[in-house]
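The values are calculated or read from the model by the stated rules, or taken from the named source; none is laboratory data. The structure presented is a predicted model; accordingly, all values stated were derived computationally and were not measured. Cβ atoms come from the backbone with ideal geometry, glycine included; neighbour counts cover every protein chain shown. In case anyone asks, the SASA skips ligands and DNA or RNA and just uses the protein heavy atoms, side chains included. Shrake-Rupley method; radii C 1.70, N 1.55, O 1.52, S 1.80 Å.
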Amino acid sequence: MSPRTVGVQNIDALRLRLTAAVTLDELHALCREHSEALGFQHFVYALRVPTHFADARLIMIDGYPPGWVKHYFEQSHFDADPVMAYCTRHVVPVCWSDLSLEPGSQAERMMQEAAGFGLRDGVTMPLHSPQGELGILSLAVDAPAEEARAISQRALSHVQVLAGYLHEAVRRVSGLLHNGGPNLTPREIECLRWAADGKTSGEIAQLLGLSESTANFHLNNAMRKLDVVNRQHAVAKAALQGLIQPRPF
């Protein structure tokens with residue numbers, strides 16, 4: 001299948017339709033339409049929402065071949081997936097055929113299994129959100145190697161635009177744009193930030209010009225709002241949800 005030309009006007013129209021979408025089903029239909037216009041038969045968008053370290057919330061728009069996603073999670077392929085490994089470290093799209101796979105590795109075997117489901121090559125765009133979410137958009141093609149690589153290479157810039165607007169639309173539709181977590185005060189955030197750097201209550205009090213009891217008061221309030229069991233848990237959860245970040249900015 002040869003990709004149709006996807007021009008600037010079509011991209012702008014897609015942006016408007018993504019912005020107007022109000023359900024995940026609408027977004028699914030738009031993803032299918034645009035991925036097919038680019039020459040791909042399959043697509044998937046996954047959003048990992050950092051609710052917990054051990055078991056995050058996952059939102060998916062699944063346009064992959066039947067059975068692959070179930071098989072992927074049953075086999076814990078995410079631990080060996082070279083595309084996933086790429087997405088955790090980068091912010092630009094990648095063609096799967098550009099990934100370096102060690103012969104005989106779990107990553108190579110996983111990609112061979114994917115090819116058996118019709119996911120022979122593709123392009124993936126990672127998206128990192130301020131609140132710590134990781135979004136991943138993948139478009140995949142079932143075609144001979146040379147043709148599949150050409151389709152993927154041509155789609156790189158379009159996928160980057162599509163992924164950004166889709167990511168924002170999914171966050172909006174899922175209620176994440178206006179859910180910034182607990183409403184911590186500036187002083188609670190300051191205390192947590194210093195606690196994250198290993199400072200004691202006494203040191204935090206000295207740094208902020210407070211009494212030690214006042215520093216503990218703010219830390220305890222933050223722990224209560226975060227619904228955690230101790231200070232270490234509070235720091236981890238606040239960092240996970242993007243509530244505390246390094247300064248400046």
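Below are the figures for this structure:
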{"quantity": "Within the range 52-80, tally of residues that are open to solvent by less than 50 Å² (accessible area, probe 1.4 Å) and within 15 Å of the chain's Cα centre (by Cα)", "calculated": "3"}
{"quantity": "Residue list for the range 230-242, filter: open to solvent by 30 Å² or more (accessible area, probe 1.4 Å), assigned to a loop (DSSP other than H, G, I, E, B) and modelled with pLDDT under 95", "calculated": "241"}
{"quantity": "Members of the range 10-46 that are within 20 Å of the chain's Cα centre (by Cα) and among the aromatic types (Phe, Trp, Tyr)", "calculated": "43, 45"}
{"quantity": "Criterion violated by residue 124 - all others in (1) hydroxyl-bearing (Ser, Thr, Tyr); (2) surrounded by fewer than 20 Cβ atoms within 10 Å (Cβ to Cβ); (3) outside any loop (DSSP other than H, G, I, E, B) satisfied", "calculated": "(2)"}
{"quantity": "Residue in the range 24-32 that is open to solvent by 70 Å² or more (accessible area, probe 1.4 Å), among the acidic types (Asp, Glu) and within 19 Å of residue 165 (Cβ to Cβ) present", "calculated": "yes"}
{"quantity": "Which listed residue is hydroxyl-bearing (Ser, Thr, Tyr), open to solvent by less than 80 Å² (accessible area, probe 1.4 Å) and under 30 Å from residue 46 (Cα atoms), from 201, 174", "calculated": "174"}
{"quantity": "Residue list for the range 42-90, filter: in contact (Cβ under 8 Å) with a residue 24 or more places away in the chain, touching a strand residue (DSSP E or B) at 6+ places or on another chain (Cβ under 6 Å) and among the hydrophobic types (A, V, I, L, M, F, W, C)", "calculated": "43, 44, 46, 47, 49, 59, 61, 69, 83, 87"}
{"quantity": "The range 86-115, subset out of contact with any Pro (no Cβ under 9 Å at 6 or more places or on another chain) and either outside any helix (DSSP H, G or I) or among the aromatic types (Phe, Trp, Tyr) (or both), residue most open to solvent (accessible area, probe 1.4 Å)", "calculated": "102"}
{"quantity": "Of residues in the range 177-190 being at pLDDT below 95 and open to solvent by 50 Å² or more (accessible area, probe 1.4 Å), the one nearest to the chain's Cα centre (by Cα)", "calculated": "177"}
